[in-house]
1. Which residue out of GLY805, GLY780 is more than 23 Å from the chain's Cα centre (by Cα) and buried (at least 17 other Cβ atoms within 10 Å of the Cβ)?
2. Identify all residues within the range 535-546 that are in a loop (DSSP other than H, G, I, E, B) and either polar (S, T, N, Q) or touching a Cys at 6+ places or on another chain (Cβ under 9 Å) (or both); write none if there are none.
3. Answer yes or no as to whether THR488 is among the hydroxyl-bearing types (Ser, Thr, Tyr), closer than 23 Å to ASP272 by Cβ and touching a Leu at 6+ places or on another chain (Cβ under 7 Å).
4. Take ILE337 and decide whether it is open to solvent by 10 Å² or more (accessible area, probe 1.4 Å) and under 13 Å from the mean Cα position of the chain (by Cα).
5. Take the conditions surrounded by fewer than 20 Cβ atoms within 10 Å (Cβ to Cβ), touching a Phe, Trp or Tyr at 6+ places or on another chain (Cβ under 7 Å) and closer than 30 Å to GLY356 by Cα and apply them to LEU433. Does it pass?
6. Scan the range 133-153 residue by residue and report those that are crowded, with 16+ Cβ neighbours inside 10 Å and more than 18 Å from GLU72 (Cβ to Cβ).
7. If only one of GLU192, GLU211, GLU223 is within 16 Å of the chain's Cα centre (by Cα), modelled with pLDDT of 70 or more, open to solvent by 20 Å² or more (accessible area, probe 1.4 Å) and acidic (Asp, Glu), which one is it?
8. From the list THR452, THR368, which one is in contact with a Lys or Arg (Cβ under 8 Å, 6 or more places away or on another chain) and either surrounded by 17 or more Cβ atoms within 10 Å (Cβ to Cβ) or over 17 Å from ILE271 (Cα atoms) (or both)?
Amino acid sequence: MTGIAWCIVMQPVSAEIREPGAEGAVGDRLLETDIPYLSEIEPPLTTVEAWATELAQSTTIQIVGVQLNETETGIEIIFNTTDGQLAIPTPSVVGNALIADIPNAVLSLPEGDDFQSADPAPGITLVTVSSLSNERVRVAITGSEAPPIADISTEPQNLILTISAGEPSETQRAGIEDGFDNDAIQIVVTAERAEENIQDVPISVTALTQEDIEDADITSLPEIAANTPNFSVFSGAGQDRSFSNYSVRGLGNVNFFSSDTVGFYVDDVPIDTTLGTAFLNLNLIDLERIEVLRGPQNTLYGRNTQAGAVNIITRQPSNNFESNSIIDYGRFDDLNIRTSISGPVVKDRLFARLSGSFASRDGYLENTFLDSDVDEQSGWTGRAQLLWTPSDDWNISFNASVDDYNDGAVPFVLLDQPDPFETERDFDGFNNLNTNTQSLRVAYSNPDLRVTSITARRFARTDQNSDGDGTVLDLFQVPLQIDSTVWTQELRLQSPDNDGPLEWLAGGYFEARDAENIDDGLIFGEDAFNIFGVPPGTDVSNGDVETTIFGIFGQVSYQPIEPLTLTAGLRYENTNATLESLERTFTPQGGDAITTFSASDVEQTSNAVLPRFVAQYRFNPNIMAYGSVSRGFKPAGVNPRANSDVTLTFEEERSWNFELGVRSSWLNNRLAANVTVFHNPISDFQVVTFDGFSGLPLEIENADARTTGFELEVRATPLEGLDLIAGFGLADARFTDFPDSDGGESVDGNRIPFAPEFTYNLAAQYRSPIGLLGRLELQGLGTTFFDENNTLSQGSFALVNARLGYEFENYGIYLFANNIFDVEYLTFISPPIGGNSLALFGTPATYGVQLKASF
């Protein structure tokens, strides 16, 4: 692993250090250096007039001489001017090169248009100085083993860079690798398909850096949600992989038949969850960054998403050898092993990374009738990545991953039983989940154009069965098998990454999805006839749905004046869903199958034009405000579980999203505070209704609804080593026009299911200079309803997590405890089935030890 120390002499100046690659191909790296204490901080510019005055004073300065002198530790580079003082350069890192751009400057050297010196000192192989087209001078210093270390000092009409070869400190190394320095708050995201400081992005976005991910030990989607305002994931204890619902700003996936409300991406590859929520809770390993975007994402992303997008970016292959390993062991014999190794195959050209994990644990739910665990887990994940950079303009990567899990069944219990983690049932069940994904990403970048192509294939299979009644009676089981194969192709063309007033992006997206619903239904046992009058046998459906999506999208941003940016985007999308075949059969025990309903070649086509408008105004370098209007859309679809012609299809859903936001940073980036308010009216909101007997999803009805609320996020570094992170989200999500289909009773004004009144997260962490780490987290949800009638609910609750560790050299040892006070809380309640509701409870108190090693 390599890094850079960038020290500013004579005046406190923050510097951004970034390793861009091709849109983050080798990872975004950010380091804020030489940050003063609070008492030393000068007040920021707070008016447009003051800011404009400062901008007006920035004039182009000629560099008339470049001197290079050898020193005891390296070299000294002196830039001479005749007409003013040069500005402090902006540094970045590419491979082993330190890049420093001097703004408002041009080269006027008597010996030529640029300056170059090869092997000027041990550990430094090349120094070049050249002019760029936008009145910048670029200094590039290449180290033999690692990026050099630089000190900057200024004199009248001189700028001096003192360069030496060497390794950074452990603190600096962590800051560079994690993209988040311990002393300041600046985070780079690619939310708008270009690298930007998060404070400059006119979207409500939560970004978790590599350091955030490692310190909070985030390895799953529910853990991402717990650190994000207005994002919730509801699954069984221990991030159960067989049954999950999610909600972003009150909009979720309580819809087993339609497109996802939220787009989930791993390294630009969409993770399809249609027809199977089991695919949500895969183990996430070796992560570099996570971005959660709230609101419609239609004009920049391949797949249209109405409520938001979750971008998960894994660590990319490196040009230097590195390895990382983590081992956890805790309560319930919970074992988790994660490891990765990376390095060059051909130095500076071809790089590889391998990562994987294995995890197993006992079940949280004990079946006292069979003396067994219902929901034990065991499985592994593997990923291989190749990165090829044949030239500076090209970046080509191939990724392949596999997931293979053999888990117990969904841990449903009867709602009224005394102990939520004990059950008596005659059948435990199982859940086997397998996926494999391959993707090819080709990126080309030159000063005039950037082109990105992403081709991906993903196969996923879930095969599960569970005791549907949750009792010792042999009433019914609930089998399900889903096979899903998705091919996607995305192509983007966009303007070069520069500071010009005009930026644009245009792209296209194609998706072909084949999802087979196999043996989905009920297996009635011997006791079913006595209780329900149903003879033993199987009542299942087999459906095959093919979906094609074609979309074209584009966005243009323009700065008519320096503080103001105007953005307009548009997307056209065509979605075709075809129910190729559907057959519902009842097979009595020992008899022949009887077809109860069948259909074929049922087609639904949707077309949508989705605009987006944004006005963004920067009042000063520290405060930005924006307003946006965007259109949301979910296509019409077909129902592979239909039992009549009436329930075969459902209509499209449309929405508007009105949003206002303020992004602010204070105290020289030691404090960042962002607030967003939104209003989201929805027409023909797709609502799934459930079969009153089995509790399984039956059909989709349409209603009108709206969500209104806000998000607040704060990050602060009040003292060196102390980080405070807080988030709060309020979402008032309600039906506005929805007559109950069962009895005509209106539920207008009721809250939308799985939409918590509010969410909050708070983390306080201290990392001492001697290696001690302490972290305390508070995470909570407001009242959540699980049905449209608002009769089934979970009240407000809060969870407390803690982490204590010691870090030294390349190792770390930690003690952790989650849900310390063993709070019992519900994540799901089914409609009554035979007079009883089934329920899912969240994870009980867990604790253990973790070991880390990195080289």
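1. Of GLY805, GLY780, the one residue that is more than 23 Å from the chain's Cα centre (by Cα) and buried (at least 17 other Cβ atoms within 10 Å of the Cβ) is GLY805.
2. Residues satisfying the conditions do not exist here.
3. no
4. Working: open to solvent by 10 Å² or more (accessible area, probe 1.4 Å): yes; under 13 Å from the mean Cα position of the chain (by Cα): no.
Considered against the rule, which asks whether it is open to solvent by 10 Å² or more (accessible area, probe 1.4 Å) and under 13 Å from the mean Cα position of the chain (by Cα), ILE337 comes out as no.
5. Answer is no for this residue.
6. ARG136, VAL137, ARG138, VAL139, ALA140, THR142, ALA146, PRO147, ILE152
7. GLU223
8. From the options THR452, THR368, the qualifying one is THR452.
The values are calculated or read from the model by the stated rules, or taken from the named source; none is laboratory data. Predicted, not measured: the structure shown is a model, and the values here were computed from it. Note that each Cβ is placed from the backbone with ideal geometry, even for glycine, and that neighbours are counted across all protein chains shown. Only protein heavy atoms, including side chains, enter the accessible area calculation; ligands, DNA and RNA are left aside. Shrake-Rupley method; radii C 1.70, N 1.55, O 1.52, S 1.80 Å.
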